[in-house]
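Just below is one structure, and these are the notes that go with it.
The values are calculated or read from the model by the stated rules, or taken from the named source; none is laboratory data. As the structure is a prediction and not an experimental result, all values here were calculated from the model. Cβ sites come from the backbone with ideal geometry, for glycine too, and all protein chains shown count toward neighbours. Accessible surface areas use protein heavy atoms only, side chains included; no ligands, DNA or RNA. Shrake-Rupley method; radii C 1.70, N 1.55, O 1.52, S 1.80 Å.
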There are 2 protein chains.
Amino acid sequence: MSDEVKRKQVKLRDVAEAAGVAVGTVSRVLNDNPTVNAEVRRKVQAAIDALGYELDIVAQSLRGGSTRMVACAIRDFDIPQFASYIKEAERIFRENGYTLLLSSTTNKPDVEVSLLRAFGRRRVDGIMMTVSDEAHKGVAQALEQAAAPVLLIDRDHVPALDRVMVDHYGGAKSALEYLLGLGHRRVGLLVGDTKAFPSRSRVQGFQDAHSSLSLTPDPGLVRMRVFDTEDAFRETMALMSLPEPPTALLVAAMDTLGGSLRALRALGQEVGRDVSLVAGSDSELAELYSPAVTAIRWDLSEMGRHAATMLLDRMRGQVPLAPRALKLPTTLIIRDSCRPPARKGLH
Amino acid sequence: MSDEVKRKQVKLRDVAEAAGVAVGTVSRVLNDNPTVNAEVRRKVQAAIDALGYELDIVAQSLRGGSTRMVACAIRDFDIPQFASYIKEAERIFRENGYTLLLSSTTNKPDVEVSLLRAFGRRRVDGIMMTVSDEAHKGVAQALEQAAAPVLLIDRDHVPALDRVMVDHYGGAKSALEYLLGLGHRRVGLLVGDTKAFPSRSRVQGFQDAHSSLSLTPDPGLVRMRVFDTEDAFRETMALMSLPEPPTALLVAAMDTLGGSLRALRALGQEVGRDVSLVAGSDSELAELYSPAVTAIRWDLSEMGRHAATMLLDRMRGQVPLAPRALKLPTTLIIRDSCRPPARKGLH
DNA sequence: CCGATTAGATGAACCGGTTCATAGGGGGCC
DNA sequence: GGCCCCCTATGAACCGGTTCATCTAATCGG
């Protein structure tokens with residue numbers, strides 16, 4: 001406090017000089033190398049403390065190889081689902097000495113490819129990401145040739161990579177079984193892009209639930225490429241304005257429930273009474289809306305935790321051989337937004 | 001495609017060798033240094049493309065100084081407000097060639113100090129962050145002595161630093177003026193930690209709105225250290241169970257509206273009719289709840305945009321002298337959750 | 001008392017770029 | 001023809017650590 005603050009960065013050399021030893025010795029002290037005498041260690045430690053030395057991770061990384069950074073790239077991180085996922089993953093990485101590096105893919109394959117290159121240039125130790133189009137050859141190739149281990153988030157198209165997924169198939173199927181069981185025969189489905197695992201699984205679950213009852217869903221009731229609340233608003237309006245509108249909706253696109261609710265409100269359709277509704281992911285909005293909206297739920301923290309742990313294992317080379325795929329279960333939280341459909345012809 | 005893929009990283013030296021020039025020349029080509037002949041440039045570029053050379057940013061950073069990384073540390077990034085803010089800031093940084101590095105402070109001063117040290121060790125070019133306790137000497141000192149420019153997010157305690165804030169004072173004051181204007185005289189306030197700018201401002205706005213009408217608020221109606229929905233639930237229960245409960249609530253803690261709504265529901269209190277309610281930050285839940293909840297709103301994207309731009313300016317040394325402080329305005333979005341209080345003694 | 005062994009410290013090479021002092025070649029000018 | 005200058009390329013130092021071959025000194029066995 002009393003003396004002038006040294007402004008220039010203190011380097012390993014300065015510490016070595018102050019302690020009267022070689023730079024290599026200081027480095028060994030820092031790395032807890034056992035081949036250093038206790039007395040010297042004490043002296044070096046004293047010099048480190050006295051000078052307020054801070055290790056330069058950039059320099060360390062250049063020689064050592066590891067940057068202790070993990071990259072994460074997702075479509076959009078103001079989607080609450082992703083935020084909870086990342087929160088938990090970051091916690092685990094931080095506790096293990098890794099720093100998280102965050103980028104948005106903006107849902108464009110060329111951005112995804114260039115991000116992977118950028119991660120390589122930064123020498124990150126691991127990568128967690130989603131991709132917008134699983135059929136895109138360039139992206140798949142970039143993933144397989146990435147300079148660091150890659151863990152796919154809710155994607156399933158590269159068998160060589162570790163991946164953490166959600167059982168969207170089971171979620172959609174059970175939601176549909178519930179609605180069909182209530183007597184609904186025209187159920188609308190809002191999903192994102194079927195080029196990616198979640199929406200593809202949901203459509204499949206939707207289909208299979210119909211098939212197992214020997215029903216064939218009207219293809220016109222499946223609306224794709226719903227990415228935000230505006231899309232959901234528009235598609236809900238379109239669905240409900242059909243000559244023969246659906247009697248129930250599964251709003252399965254990420255974080256788009258609000259758009260559908262606004263549309264139904266604008267049309268004067270009351271949830272539960274006029275149209276049944278299931279949300280494809282749970283939220284406070286679903287829980288506290290009147291009526292409370294039945295929703296498909298899964299554990300986001302657990303997903304983030306597993307993803308981080310799996311990637312850490314892989315980065316440390318602790319994983320023996322085959323890539324691991326984890327699929328988290330979903331639960332249908334039944335609330336008050338679904339009833340049997342009004343009987344045909346009645347009003 | 002046809003030939004074997006080279007697995008080892010291609011280095012500058014390899015490119016130089018392939019092009020028959022010196023490494024320095026290749027570096028000059030990469031950095032668009034004008035002192036390089038067009039023909040040589042073409043030849044080098046061809047070698048770069050042929051070998052699939054990728055620059056190593058770690059090595060570049062070691063010599064060059066700049067890592068082109070910006071660190072961001074906030075309390076918790078599954079708070080939707082922060083997510084929107086970061087989304088926009090990340091976009092701008094990415095477009096300017098910077099990578100975002102994300103950490104959670106978990107609201108602990110010692111973590112904040114150690115994060116600042118870690119950012120220094122990583123040689124980040126800039127830092128955006130919040131702190132949990134503005135009175136904490138160690139944190140303030142660490143902020144001022146940080147190795148990179150710091151921009152404070154919604155904090156106002158270090159005059160030497162750039163900062164982007166929200167006018168929580170004005171927001172709380174106008175909300176209170178509205179409620180007091182409706183006739184409410186016992187208004188409950190839920191805020192976070194008054195050690196930090198947002199909650200302190202809100203309490204001040206709450207007080208001043210009372211003072212300007214020569215009213216003195218009951219201190220027992222101000223509940224602090226509300227951080228999550230559980231806290232909000234508990235404190236709302238407590239407030240509404242007072243012998244003389246408030247007739248209106250301002251739930252001003254971040255992202256805690258759901259907790260209060262749950263508590264009111266549990267108590268059988270109907271929003272609007274039994275108790276008036278204002279949310280301290282807007283959300284889909286506030287908008288779509290029944291009744292729709294009056295809320296204080298501000299532009300999160302604009303906040304992120306300004307923060308990123310200001311920090312970029314500072315990092316580039318384009319800012320002349322004094323630190324800049326920006327305070328974003330708030331708007332009170334009046335919906336259906338507030339009515340005049342029921343008259344005393346009536347039921 | 002001597003050679004072998006070992007604990008512990010050293011100095012230099014190395015990681016992969018950037019940059020700067022220096023040098024070579026060619027053209028213009030007197 | 002000689003001098004100067006400009007254009008361009010070179011090679012080495014440098015960034016700040018890590019690591020390894022090497023060296024010194026101390027210990028131990030016989």
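One table, with the values for the structure above:
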item: Of the criteria (1) within 12 Å of DNA strand D (Cβ to nearest atom); (2) more than 10 Å from chain A (Cβ to nearest Cβ), which one B:ASP14 fails; result: (1)
item: Enumerated strands (runs of 3 or more DSSP E) restricted to the stretch A:262-347, each holding at least 1 residues that are hydrophobic (A, V, I, L, M, F, W, C) and buried (at least 22 other Cβ atoms within 10 Å of the Cβ); result: A:276-279, A:294-297
item: Tally, over the stretch B:55-87, of residues that are within 9 Å of chain A (Cβ to nearest Cβ), over 18 Å from A:GLN81 (Cα atoms), open to solvent by less than 50 Å² (accessible area, probe 1.4 Å) and in contact (Cβ under 8 Å) with a residue 12 or more places away in the chain; result: 6
item: Neighbours by Cβ (under 8 Å, 6+ apart or cross-chain): first from the stretch A:114-135, within 13 Å of chain B (Cβ to nearest Cβ); second among the acidic types (Asp, Glu) and open to solvent by 30 Å² or more (accessible area, probe 1.4 Å); result: A:ARG117/B:GLU54; A:GLY120/B:GLU54; A:ARG121/B:GLU54; A:ARG121/B:ASP56; A:ARG123/B:ASP56
item: Scan of the stretch A:17-29 for residues that are surrounded by 16 or more Cβ atoms within 10 Å (Cβ to Cβ) and either more than 10 Å from DNA strand D (Cβ to nearest atom) or within 14 Å of chain B (Cβ to nearest Cβ) (or both), ordered by number; result: A:ALA18, A:ALA19, A:VAL21
item: The stretch A:38-65 - residue that is β-branched (Val, Ile, Thr) and under 42 Å from the mean Cα position of the chain (by Cα) and, of those, farthest from DNA strand C (Cβ to nearest atom); result: A:ILE48
item: Positions within the stretch B:275-300 being within 13 Å of the chain's Cα centre (by Cα) and more than 20 Å from B:ALA73 (Cβ to Cβ), in sequence order; result: B:TRP298, B:ASP299
item: Test: residue in the stretch B:90-100 that is free of Cβ contacts under 8 Å to residues at least 24 places away in the same chain, outside the structural domain of B:ALA146 (by TED's automatic domain parsing) and more than 15 Å from DNA strand C (Cβ to nearest atom); result: no
item: Any hit, the stretch A:179-194, residues being part of a helix (DSSP H, G or I), among the hydroxyl-bearing types (Ser, Thr, Tyr) and surrounded by fewer than 20 Cβ atoms within 10 Å (Cβ to Cβ); result: no
item: Residue check for A:LEU116: crowded, with 18+ Cβ neighbours inside 10 Å and outside the structural domain of A:PHE206 (by TED's automatic domain parsing); result: yes
item: Enumeration of residues in the stretch A:216-261 that are more than 23 Å from B:ALA292 (Cα to Cα), among the hydroxyl-bearing types (Ser, Thr, Tyr) and surrounded by fewer than 20 Cβ atoms within 10 Å (Cβ to Cβ); result: A:THR216, A:SER241
item: Cβ pairs under 8 Å, 6+ apart, first in the stretch B:32-48 and over 12 Å from B:GLY20 (Cβ atoms) and hydrophobic (A, V, I, L, M, F, W, C), second open to solvent by less than 90 Å² (accessible area, probe 1.4 Å) and within 7 Å of DNA strand D (Cβ to nearest atom); result: B:VAL36/B:THR25; B:VAL36/B:ARG28
item: Counted residues, the stretch A:21-37 - those being within 7 Å of DNA strand C (Cβ to nearest atom) and small (Gly, Ala, Ser); result: 2
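Rundown of residues vs (1) free of Cβ contacts under 8 Å to residues at least 40 places away in the same chain; (2) away from chain B (no Cβ under 12 Å), yes/no style:
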| position | (1), (2) |
| --- | --- |
| A:ARG234 | yes, yes |
| A:SER241 | yes, yes |
| A:PRO245 | no, yes |
| A:ALA253 | no, yes |
| A:LEU261 | yes, no |
| A:GLU287 | no, no |
| A:ALA295 | no, yes |
| A:GLY304 | no, no |
| A:ASP313 | yes, yes |
